[in-house]
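Peer 1: Let me give you the structure first, and then I'll get to my questions.
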Amino acid sequence: NPKVIEPKWQKIWNDTKIYEATEDTARPKRYVLEYFPYPSGAAMHVGHVRNYTIGDAVARYSRMTGNNVLHPMGWDAFGLPAENYAIKSGISPQEAVAINVENFKAQLMQMGFSYDWSREINSTDPSYYKWTQWFFLLFFQKNLAYQRESLQWWCPHDKTVLANEQVEDGHCWRCGSLVEKKSLEQWFFKITDYADRLEKDLDNINWSESIKTMQRNWIGRSAGAELQFTILSSKFTIPVFTTRPDTLYGATFLVLSPEHKIFASGELSISKEVKDYIKQAGLKSEIDRMETEREKTGVFTGAYAVNPANGEKIPVWVADYVLPGYGTGAIMAVPAHDKRDWEFAKKFQLPIIHVYDQEGADTNSWYHGEGIVKNSGKYDGIATAQMREKIVFDLAKKKSAKEKINYKLRDWLISRQRYWGAPIPIIHCPKDGAVPVPEKDLPVVLPEVKSYEPSGDGRSPLANVPEFVNVKCPKCGGPAKRETDTMDGFACSSWYFLRFADPHNDKKPFDRELVKRWLPVDDYIGGAEHAVMHLLYARFWTKVMFDEKLINFDEPFKTLRNQGMILAPDGRKMSKSWNNTIEPDELIKQGYGADSIRLMELFIGPWNQSAAWSVEGLGGTYRFLQRTWTIVQEFLDETKDQRSKIKDQKTVGHNSELEIQIARAVHKATKKVSQDMASLGFNTAIAALMECVNELYKIKSLPTGQAGQHNFGLARSVWQENLEKFVQLLAPFAPHITEELWGQLGNKDSVHLSQWPTWDKELIKEQLITLAVQINGKVRSEILVDADIDEETATTMAKNDDKVAKILVGKKIKKTVYVPGRLISLVV
C-alpha cells in the first residue's frame with residue numbers, strides 16, 4: 001500500500017539524513033542538479049515532475065555505483081509572479097514566497113526525491129543575495145557593470161524593462177504583452193567582452209547541438225572587415241562592418257540607421273525631411289523595422305561618401321531597416337547581392353552593379369553566395385573567397401580597412417524597475433557619482449513596503465521609500481541617494497550552483513577548495529527554454545570568476561540534459577487555463593503512489609522526447625509494482641520457516657536448471673539496466689525490469705511436485721540472492737517500495753546505499769543466435785547457430801543451408817564477410 005510505505009520511508013530518510021553529501025574524497029564525486037525552480041503558488045503537475053525524476057534516478061544510480069553524490073535543491077524566488085500575486089492579493093512577496101516554498105518542498109518530498117536538504121538555499125534570503133550584490137560590485141570594479149541612458153524594451157503590463165533575450169516576437173516573455181521602447185538610465189553587464197569565449201568554448205562542453213546552435217546564433221559571431229567611407233565636404237568617416245568586402249565595387253550607396261551619431265554631430269546639414277523621418281523611426285519597434293516583407297522607406301541625406309575601393313561618389317541615405325545595435329549602424333548597400341538593398345534600390349531608382357558571376361543566377365535580379373569576380377577592376381576573374389582576403393589586405397595599407405569580428409550579442413540589461421528583486425548596491429552622489437556600497441554594509445536589505453505597484457514613469461516602488469533612498473555617500477559623507485532599481489532575477493541564478501558547495505558561508509560566497517571539490521556540475525537537467533538566458537548568463541559569470549581566480553574552471557556545466565515535455569492526455573501543453581493539468585498529489589491520494597508516477601515519468605518514452613501523459617500507462621506501472629511486491633511476498637511466505645538460514649547461506653554456483661534460470665533472468669536484466677542507465681535509457685531499463693518480473697513469475701510457477709506450492713523451496717538461496725538484486729535494480733526508479741522490500745528480505749542498511757549489482761558474463765551468454773545469410777547483398781536465408789560460433793564454422797553452415805546451396809550451384813564464392821552475431825555475406 002503506497003499510502004502506508006511511502007510516508008514511512010520519507011520520514012526515515014529525512015530523519016537519518018542518508019542523502020546528505022559528505023566531504024569524503026575517497027570516492028569520486030558526482031554533482032547532479034536540476035534547474036533552480038521557481039516556487040509558484042500553483043501546484044506542481046506531472047509535467048514538472050519529470051525533470052526532477054530524471055535527476056533523482058541519475059543521483060540514486062550514481063550513489064549505488066560508488067560515487068559521493070551532491071544532489072541539492074533550492075529556490076529561485078525573486079521575480080514578477082510573487083510580486084504580481086502580492087499586488088492582487090495584498091499578501092507581501094515575502095509571505096507569498098514562504099507559503100509557496102513550503103508547498104513546493106512538500107510536493108518534492110512526497111515524490112521521494114533524494115535531495116540534500118541541509119544545503120537548501122533561497123535567492124530571496126538576504127544571506128544569499130548579499131553575495132549576489134557582492135558579485136555586482138566585483139563586476140563594477142572590473143568595469144563589467146556600467147550605467148547609461150538608452151532606449152530599452154518596456155513591458156507596459158509589468159511596468160519594467162526587459163533584456164533583449166526576454167522579448168519574443170515583440171512580446172514580453174513572461175506576460176505576453178506587446179512591448180514598446182522607453183529611454184531610461186539603466187545598468188548593464190558587459191557580457192560582450194566575453195562574446196568570443198562564450199562562442200568558442202561551446203566546443204568544449206557536452207551539450208546538445210540544438211542548444212549550442214541557439215547560443216551561437218544569439219551570440220552571432222561573424223568574421224569580416226571594417227571599411228572606412230569618407231563623407232565628402234566633412235571630416236566625418238563612416239565605418240562599415242561587412243562580411244562581404246569582396247562585393248565592395250558593387251556598393252552604390254550607404255544607408256545609415258536613424259540613430260547614427262552623425263545626425264547629432266552637427267557635421268551634416270540635416271533637412272526637415274530627414275529630421276521628421278528620424279523622429280518617426282524612433283516610434284517603431286525593432287521587430288517592425290526588421291520585418292523583411294514590409295515596404296522599404298528612407299530619405300536621402302544630401303551627403304555623399306567615397307567608395308574606398310574605386311573612389312566613386314555614392315549617396316548617403318537614412319533608412320529604418322538599418323539598426324543601431326549590430327555592426328556600426330551603417331551598411332554599404334550592394335543591391336545586386338542583397339534582397340533588402342535590392343528592394344531599396346528598385347524603389348528609389350539607385351544604381352545596381354553585379355560584381356560576380358554565379359552559375360544559373362538571374363542577372364536581372366539579386367543573388368548571393370560565391371562566384372567569379374567581375375566589374376571589380378584588378379580583381380576580375382578570381383573567386384570571391386580569394387578576393388575577400390586580397391581587397392582587405394590592399395585597403396589595410398591605405399588604412400581604409402581592417403579585419404574585424406562582430407557579434408549580434410548586446411550587453412545584458414540588468415536593471416528592473418520592480419520591487420521584488422535584489423537591490424543594486426550602488427549609491428549616487430552629486431559629487432562622486434556612482435559609488436559602490438562598502439562590502440561591510442552588505443547586504444543592502446530589501447525593505448518592507450506598503451505598495452508594490454510600480455509607477456508608469458520607469459521608477460521602482462523603492463523610490464517611494466525615503467528611509468531607503470536617502471543615505472550618506474560612503475566616499476565623501478555628503479547627502480546621496482541609493483539606487484532604486486533591482487537586479488534581474490537571472491543574476492541570482494547565474495551563480496547558485498556554486499553556493500550549493502558551501503551554502504552556509506557568511507564570510508564569502510563560497511570556499512574555493514569546496515567548489516574545487518564539487519564543481520563543475522556533472523549533470524545539469526532542465527528544459528531548453530533558457531538556452532539564451534540562464535545558461536548564457538551562468539557561463540558568463542563563471543568565466544568572470546575564473547578570470548578573478550575565484551574558481552579553477554570556466555564552464556559551469558559539464559553535461560546538459562534537456563528533458564522532453566510531458567503533455568496533457570489531449571496532446572497540448574499542460575496549463576491551468578486549459579484545465580488539462582494532472583497533479584501528482586491527486587494521483588497519490590487515489591492510491592497510485594509516488595513510485596508508480598515516477599516509473600511512468602521515465603517509462604513513457606525517451607527522456608529527451610516529449611510525450612502525452614497516459615492514464616492507462618500509469619495503471620501499467622502500478623500493476624508492475626504490485627506484481628513485484630507480490631512475488632517477494634510469496635517468497636517470504638513460503639520460506640518464512642527458513643529465513644535465518646537462507647540469509648546466511650552463500651550461493652556457490654548454480655547447480656540445477658531451475659537455479660540457472662532464476663539467475664539468468666536477473667543477470668540479463670542487470671546487464672541491460674546497467675547499460676541503459678549509463679546512457680539514460682530509463683524507458684528501456686524499466687522495460688527490461690518488467691520483462692524480468694514476467695520471467696520470474698514463469699519460473700516460480702514451474703511444477704514442484706507439491707500441489708499449491710511454488711518452487712521457492714527448491715532454490716531458496718538463489719531466489720533470495722536474485723530477488724535482492726532485482727530490488728536493487730528497481731531502486732533508482734521506485735525508491736519507496738524497494739526500500740520496504742529490501743528490509744523485508746533481511747537487510748538492515750538502506751538499499752539506496754547498497755552496491756550496484758554485477759552480472760556473470762558466462763551465465764547470460766546466449767545459447768543460440770540467428771545469423772542472416774546474404775548472397776550479393778540480398779538476404780537469402782537464416783541459420784540457427786551457437787552464440788560463440790567461429791567464422792569458419794559459420795561459413796560452412798551457411799553454405800550447407802538448403803536455400804543457399806541451391807543458389808550456389810555452379811557459382812564460385814569470390815569473397816566472404818562475417819559479422820559476428822549478425823550475418824554471413826557471400827559474394828559470387
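Peer 1: Could you please find all residues in segment 500-516 being surrounded by 12 or more Cβ atoms within 10 Å (Cβ to Cβ) and more than 17 Å from Lys549 (Cβ to Cβ)?
Peer 2: Residues satisfying the conditions are Phe500, Pro503, Asn505.
Peer 1: With on the phi > 0 side of the Ramachandran plot and within 24 Å of the chain's Cα centre (by Cα) as the only criterion, which of Gly47, Gly79, Gly66 stands out?
Peer 2: Just a single option satisfies the conditions, and that option is Gly79.
Peer 1: Keeping to segment 155-169, report how many residues are over 30 Å from Lys142 (Cα atoms), touching a strand residue (DSSP E or B) at 6+ places or on another chain (Cβ under 8 Å) and surrounded by fewer than 21 Cβ atoms within 10 Å (Cβ to Cβ).
Peer 2: Residues that pass the stated criteria total 3.
Peer 1: Loosely packed, with under 15 Cβ neighbours inside 10 Å, in contact with a Ser or Thr (Cβ under 9 Å, 6 or more places away or on another chain), of a type outside the set (Gly, Ala, Ser) and in contact (Cβ under 8 Å) with a residue 12 or more places away in the chain: does that describe Lys17?
Peer 2: yes
Peer 1: State all residues of segment 378-416 that are assigned to a helix (DSSP H, G or I) and touching a Phe, Trp or Tyr at 6+ places or on another chain (Cβ under 7 Å); if no residue qualifies, say none.
Peer 2: Within segment 378-416, Thr384, Met387, Lys390, Ile391 meet the criteria.
Peer 1: Something else about it: Restricting attention to segment 759-784, which residues are surrounded by fewer than 17 Cβ atoms within 10 Å (Cβ to Cβ) and either in contact with a helix residue (DSSP H, G or I) (Cβ under 7 Å, 6 or more places away or on another chain) or more than 19 Å from Lys672 (Cα to Cα) (or both)?
Peer 2: If the condition is that a residue be surrounded by fewer than 17 Cβ atoms within 10 Å (Cβ to Cβ) and either in contact with a helix residue (DSSP H, G or I) (Cβ under 7 Å, 6 or more places away or on another chain) or more than 19 Å from Lys672 (Cα to Cα) (or both), then Asp760, Leu763, Thr770, Ala772, Asn776, Gly777, Lys778, Val779, Glu782, Leu784 are the ones that fit.
Peer 1: On the basis of being crowded, with 18+ Cβ neighbours inside 10 Å and among the small types (Gly, Ala, Ser), does Gly371 make the cut?
Peer 2: Spelling it out, Gly371 is indeed crowded, with 18+ Cβ neighbours inside 10 Å and among the small types (Gly, Ala, Ser).
Peer 1: Turning to a different aspect of this structure: What is the one condition in (1) open to solvent by 10 Å² or more (accessible area, probe 1.4 Å); (2) within 26 Å of Met111 (Cβ to Cβ) that Met600 does not satisfy?
Peer 2: Just one mismatch for Met600, condition (1).
Peer 1: How many residues does segment 327-350 hold that are part of a loop (DSSP other than H, G, I, E, B), in contact with a Phe, Trp or Tyr (Cβ under 8 Å, 6 or more places away or on another chain) and of a type outside the set (A, V, I, L, M, F, W, C)?
Peer 2: Going through segment 327-350 one residue at a time, the tally reaches 3.
Peer 1: For segment 170-228, enumerate the residues that are open to solvent by 10 Å² or more (accessible area, probe 1.4 Å), among the aliphatic types (A, V, I, L, M), in contact with a helix residue (DSSP H, G or I) (Cβ under 9 Å, 6 or more places away or on another chain) and closer than 30 Å to Ile426 by Cα.
Peer 2: Val179
Peer 1: Right, next: For segment 565-584, enumerate the residues that are touching a residue at least 40 places away in the same chain (Cβ under 8 Å), part of a loop (DSSP other than H, G, I, E, B) and open to solvent by less than 70 Å² (accessible area, probe 1.4 Å).
Peer 2: If the condition is that a residue be touching a residue at least 40 places away in the same chain (Cβ under 8 Å), part of a loop (DSSP other than H, G, I, E, B) and open to solvent by less than 70 Å² (accessible area, probe 1.4 Å), then Ala568, Gly571, Met574, Thr581, Ile582, Glu583 are the ones that fit.
Peer 1: If we scan segment 411-431, do we find a residue that is touching a helix residue (DSSP H, G or I) at 6+ places or on another chain (Cβ under 9 Å) and open to solvent by 60 Å² or more (accessible area, probe 1.4 Å)?
Peer 2: The answer is no, given that none of the residues of segment 411-431 is touching a helix residue (DSSP H, G or I) at 6+ places or on another chain (Cβ under 9 Å) and open to solvent by 60 Å² or more (accessible area, probe 1.4 Å).
Peer 1: Residues to consider are Ile87, Ile54; find the one that is touching a residue at least 40 places away in the same chain (Cβ under 8 Å), open to solvent by 50 Å² or more (accessible area, probe 1.4 Å) and among the hydrophobic types (A, V, I, L, M, F, W, C).
Peer 2: Selected residue: Ile87, the only one of Ile87, Ile54 that is touching a residue at least 40 places away in the same chain (Cβ under 8 Å), open to solvent by 50 Å² or more (accessible area, probe 1.4 Å) and among the hydrophobic types (A, V, I, L, M, F, W, C).
Peer 1: Looking at segment 453-482 only, could you name the residues that are in a loop (DSSP other than H, G, I, E, B), open to solvent by less than 20 Å² (accessible area, probe 1.4 Å) and either touching a Gly at 6+ places or on another chain (Cβ under 8 Å) or over 17 Å from Tyr129 (Cβ atoms) (or both)?
Peer 2: Passing the criteria: Pro454, Gly458, Val465, Cys473, Gly478.
Peer 1: Provide a single number: the residues in segment 76-94 that are more than 14 Å from Glu448 (Cα to Cα) and hydroxyl-bearing (Ser, Thr, Tyr).
Peer 2: 2
Peer 1: Looking at the structure I just gave you, is Gly112 free of Cβ contacts under 8 Å to residues at least 12 places away in the same chain, farther than 26 Å from Lys279 by Cβ and open to solvent by less than 50 Å² (accessible area, probe 1.4 Å)?
Peer 2: no
Peer 1: How many residues, within segment 664-688, are hydrophobic (A, V, I, L, M, F, W, C) and out of contact with any helix residue (DSSP H, G or I) (no Cβ under 6 Å at 6 or more places or on another chain)?
Peer 2: Selection size over segment 664-688: 3.
Peer 1: Output the helices (runs of 4 or more DSSP H) that fall wholly within segment 1-104 and possess 3 or more residues being of a type in the set (S, T, N, Q), or say none.
Peer 2: In segment 1-104, the matching helices (runs of 4 or more DSSP H) lie at 2-16, 46-64.
Peer 1: Looking at segment 417-433, I want the residues that are more than 17 Å from Arg459 (Cα to Cα) and in a loop (DSSP other than H, G, I, E, B) and have a partner that is open to solvent by 10 Å² or more (accessible area, probe 1.4 Å) and hydrophobic (A, V, I, L, M, F, W, C) with Cβ atoms under 7 Å, at least 6 apart or on another chain. Which pairs are those?
Peer 2: Lys431/Cys476; Asp432/Cys476
Peer 1: Could you list, in sequence order, all residues of segment 238-288 that are in a helix (DSSP H, G or I), in contact (Cβ under 8 Å) with a residue 40 or more places away in the chain and in contact with a strand residue (DSSP E or B) (Cβ under 6 Å, 6 or more places away or on another chain)?
Peer 2: Residues satisfying the conditions are Pro245, Val274, Tyr277.
Peer 1: Further question on the same structure: Looking at segment 517-564 only, could you name the residues that are open to solvent by 20 Å² or more (accessible area, probe 1.4 Å), free of Cβ contacts under 8 Å to residues at least 60 places away in the same chain and assigned to a helix (DSSP H, G or I)?
Peer 2: Selection gives Glu529, Phe546, Asp547.
Peer 1: Next question. Is there a residue in segment 585-594 that is small (Gly, Ala, Ser), open to solvent by 10 Å² or more (accessible area, probe 1.4 Å) and free of Cβ contacts under 8 Å to residues at least 24 places away in the same chain?
Peer 2: Scanning segment 585-594, I find no residue that is small (Gly, Ala, Ser), open to solvent by 10 Å² or more (accessible area, probe 1.4 Å) and free of Cβ contacts under 8 Å to residues at least 24 places away in the same chain, so the answer is no.
The values are calculated or read from the model by the stated rules, or taken from the named source; none is laboratory data. Keep in mind it's a predicted model, so treat the numbers as computed, not measured. Glycine also receives a Cβ, built like all others from the backbone with ideal geometry; neighbour counts cover every protein chain displayed. Heavy atoms of the whole protein, side chains included, go into the accessibility calculation; ligands, DNA and RNA do not. Shrake-Rupley method; radii C 1.70, N 1.55, O 1.52, S 1.80 Å.
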